[in-house]
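Presented below is the structure to which this report refers.
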Amino acid sequence: MNSPIDTKVLQSFRDMMGENGWEIVAEMIDCYLEDAPKLIEAISQAVAQADATRLRSCAHTLKSSSATLGATTLSHLCKELEVISQTENISLVDKVPQLEAKFAKVKVALLIRRQHV
Amino acid sequence: MNTTDIKKKSPLLLVVDDDKFMRLQLRRAMEQVGYQVAEASDGEQALAAYSCLNPDIVLLDALMPLMDGFSCCTQLQTLSGSDRTPILMITALEDQESVDRAFAAGATDYITKPIHWAVLRQRVQRLLQSSWAIEELRQQTERSHQSEAQLRLVLEAAQMGTWDWDILQNSLKYSNHLEPMFGLIPGSAHLTYEAFLNAVHPEDRDYVAQAVTDAIAAGKDYETEFRVIWADGTLHWVGSKGQVYYDNTFKPLRMVGISMDITDRKRSEAELQHQTRRSQLFADITLKIRQSLQPKEILQTTVTEVQQLLQADRVLIYRLCPDGTGSVVTEAVVSGWPVILGQTFLAEVFPEEYRQLYKQGRVQVIEDMENAKVTSCLIEFVQQWGVQAKLVVPILLKSELWGLLIAHQCASPRQWHSFEIELLQQLANQMGIALTQAQLLEEETRRRQELDRSNIELQQFASIASHDLQEPLRKILAFGNRLKDKYGEVLTDQGRDYLDRMQNAASRMQTLIDDLLILSRITTRARPFTTVNLAQVTQDVLSDLEVRIQQTQGRVEVGELPIIAADPLQMRQLLQNLIGNALKFHQDEEPPVVKVYSRFGTQRQPSEGQATDAWQIIVEDNGIGFDEMYLDRIFNVFQRLHSRSEYEGTGVGLAICRKIVERHGGSLTAESKPGRGATFTVTLPITQRQGDAISEGPPTNRHNPDG
């Protein structure tokens, strides 16, 4: 899966929103791009402080919003973090850089999308 | 309900999620299909927003920091209206535990993430629809409870009960109020139609059953009134109305209706009917009693009518004599029972003390002679005529006990109703009045007959006496004259003086008798009325009086005088007397001036009351007049205000005048003052009534004062 964004998901999301679908999608992208860095930062801190609850919560949130906008790979990564927060010793987790890298790609892809709108 | 309806109603959705992205997503998704959206980012906010916004539905994220969705859901349940607001929890797809917790916390439903938008919208819509449906149902139930409560209140107030007959099952249900109407204790209602019908009075059963059949067959309203007999034997009236319900094939399913106790109404209706009938009867009988003025008829009518009215075996009237004895004077008795009519009873039968009681209006009511609280001898006494019950009311005439009105029941004892007693009393009162009137009439008739008789006798006497007195008087005058002619010279002066005086006296007596004859003959020898010209009559009178007018140097002025219907000779007599008097009673130094004239006026007949047109004939003089205090006297026979030596005359003249005027239906009055002349006014009706024109006595060819 090369593209960081599953355009089909985004397309169906737009369709579902109806008439002003693209405007809403744009608004959603703005919201996502604003929130996601904070969540990634929070995840990074939670891992550092070994705060499982916070990790789980933030990963869960980022998982679903990412899935909504078609950032399927990012969403899957978040899900892994969520599962780890419940089962493994989170101090051993080293997925934050990977998360940040994925998000950087998603961000670019979304910004391009946003410009099309 | 479709989305259009949702748009129209624009339901308010409260989105509770800590994730801003999620909230935005939900808001936009739902706004797109017509919802209004409010947001809360945590549990506390959610509770506050819920309380002040009253959302129609809550979308609640299960996983939130601080207060998670489950606690929030639990707390939402405690807020008012929460039972009506659906809560849709958003949980993770794979998390069965969360789903269980969501329902345990009171969520209405759940939806999993990632959210499938179509599913969300469908679910929200369904939840709202069912919520609304439940709400509507709840309101309907509430309303129906309310109206049921109101209906129950009204039915209770109206003392009505409801019934519901399932025709297919033949089972009958009563409301609490209905059982007492049938005299049943609560809970013992009739279970079937037949049981109900059995409770209806046997005489009413057929028409009640018919009414039910008709209502079912024709689909019309059932409405009837019937009697029921309670277990205690008392009779009650029930009014009932109902309606039949059918299925599609016009098959009767149910009959539902109300019933109410109408005993009081029926009772007052019956009482009213009785009263009307009673007063009608009373009026009828009273009329019959009062129509007669014959005592015998009054008594007979009363006993006959009362006997029929009361259906008594015997009704009689016991007449009480002043000495205490009494007799049965009238009786109406059913054949087969002894007749008492005509029997008389000694004073001992009816002691004075009893008479006093009855005089005070006492009524004796005996329902059963055997058990009556009266002396055994009285019981024996009345039992000889088979009397078993009796009713006695007094008949009072001007507060005197005249007799008794008695009703007997012979076949059996009898309970006398209060209205029967009252009726008998009232009829006895009416009898008293009728008898009093009859007595008065009798007395009045007797008096009038006596008066007529004595009047006729008196007139006959006057006429005969006057006539028979003439003969000896003529002889006295005739022989007196012969004595004077033949032996006048032989007599001494004194003898001649005696003779003169005797003859003067005889002449006066002659005049007196003449006048009396005239007076008595005004009615006995009257002539029929004809047309009389009073002006002509006056001229005749004046020529008769010519000598006197010349002697007194007097003058008579005659004005307009009418033509009237009258007895011509009597009119002449009337004017002769009045004008004669006017000339006679003149002042010494002043010649008489007499005015005779007429004018138009009215008179009031004592019997008629209203004024009728009349002529007034006036004779006015300038003579000596008289004091009006003697007014009553001057018209009476032999009444004179002056001595014979002053003014000649018999004192009969004005009495004749008055009698003539009265015979003509008029009146004669006078006005005067001593020394100022006198005015006599004759008032005569313009039209003489029928019958006046017919003379009361045998007509004579010519009225002759000399007989």
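Here are a few things to note about the model shown:
- Hey, residue B:155 away from every other protein chain (no Cβ under 14 Å), under 60 Å from the mean Cα position of the chain (by Cα), of a type outside the set (S, T, N, Q) and surrounded by 15 or more Cβ atoms within 10 Å (Cβ to Cβ) or not: yes
- Some residue of the range B:305-321 being touching a residue at least 12 places away in the same chain (Cβ under 8 Å), open to solvent by 20 Å² or more (accessible area, probe 1.4 Å) and in contact with a Ser or Thr (Cβ under 6 Å, 6 or more places away or on another chain): yes
- Meets criteria (among the small types (Gly, Ala, Ser) and touching a residue at least 60 places away in the same chain (Cβ under 8 Å)) for residue B:279: no
- Apart from one condition, residue A:10 fits all of (1) at pLDDT below 85; (2) part of a helix (DSSP H, G or I); (3) farther than 30 Å from residue A:54 by Cα; (4) more than 11 Å from every other protein chain (Cβ to nearest Cβ); the exception is (3).
- Selection status of residue B:111, touching a residue at least 60 places away in the same chain (Cβ under 8 Å) and either within 14 Å of chain A (Cβ to nearest Cβ) or at positive phi (or both): no
- Hey, residue B:126 closer than 22 Å to residue A:17 by Cα, more than 14 Å from chain A (Cβ to nearest Cβ) and open to solvent by 50 Å² or more (accessible area, probe 1.4 Å) or not: yes
- Checking each residue in the range A:55-94 for being surrounded by fewer than 23 Cβ atoms within 10 Å (Cβ to Cβ), touching a residue at least 24 places away in the same chain (Cβ under 8 Å) and under 27 Å from residue A:28 (Cβ atoms) picks out A:56, A:67, A:68, A:72, A:73, A:77, A:82.
- Residues of the range A:41-54 classified as in contact (Cβ under 8 Å) with a residue 40 or more places away in the chain and open to solvent by 10 Å² or more (accessible area, probe 1.4 Å), total: 3
- Residue list for the range B:353-371, filter: within 23 Å of residue B:339 (Cα to Cα) and buried (at least 19 other Cβ atoms within 10 Å of the Cβ): B:366, B:369
- Pairing residues of the range B:212-231 that are at pLDDT below 90 with residues that are of a type in the set (Asp, Glu) and not in a loop (DSSP other than H, G, I, E, B), at Cβ distances under 9 Å and at least 6 apart in sequence or on separate chains, gives B:220/B:214.
- Here A:5, A:24 are screened, and the one residue that is at the interface with chain B (Cβ under 8 Å from one of its Cβ atoms), crowded, with 19+ Cβ neighbours inside 10 Å and of a type in the set (A, V, I, L, M) is A:24.
- Yes/no for residue B:5 being at pLDDT below 85 and surrounded by fewer than 16 Cβ atoms within 10 Å (Cβ to Cβ): yes
- Condition met for residue B:239 (small (Gly, Ala, Ser), surrounded by fewer than 19 Cβ atoms within 10 Å (Cβ to Cβ) and touching a strand residue (DSSP E or B) at 6+ places or on another chain (Cβ under 9 Å)): yes
- Restricting B:481, B:504 to those that are open to solvent by 80 Å² or more (accessible area, probe 1.4 Å), part of a helix (DSSP H, G or I) and not aromatic (Phe, Trp, Tyr) reduces the list to B:504.
- Selection over the range B:534-559 of residues that are touching a strand residue (DSSP E or B) at 6+ places or on another chain (Cβ under 6 Å) and not in a helix (DSSP H, G or I) gives a count of 5.
- Among the criteria (1) facing chain B (nearest Cβ under 10 Å); (2) modelled with pLDDT of 90 or more, the one residue A:45 does not fulfil is (1).
- Here the range B:78-108 is the region considered, the condition is being open to solvent by less than 60 Å² (accessible area, probe 1.4 Å) and within 13 Å of another protein chain (Cβ to nearest Cβ), and the residue that is nearest to residue B:59 (Cα to Cα) is B:90.
The values are calculated or read from the model by the stated rules, or taken from the named source; none is laboratory data. The shown structure was predicted, so the numbers you read here are calculated from the model rather than taken from an experiment. So basically every Cβ, Gly included, is an ideal-geometry build from the backbone, and we count neighbours across all protein chains shown. SASA here: full protein model, heavy atoms, side chains in, ligands and nucleic acids out. Shrake-Rupley method; radii C 1.70, N 1.55, O 1.52, S 1.80 Å.
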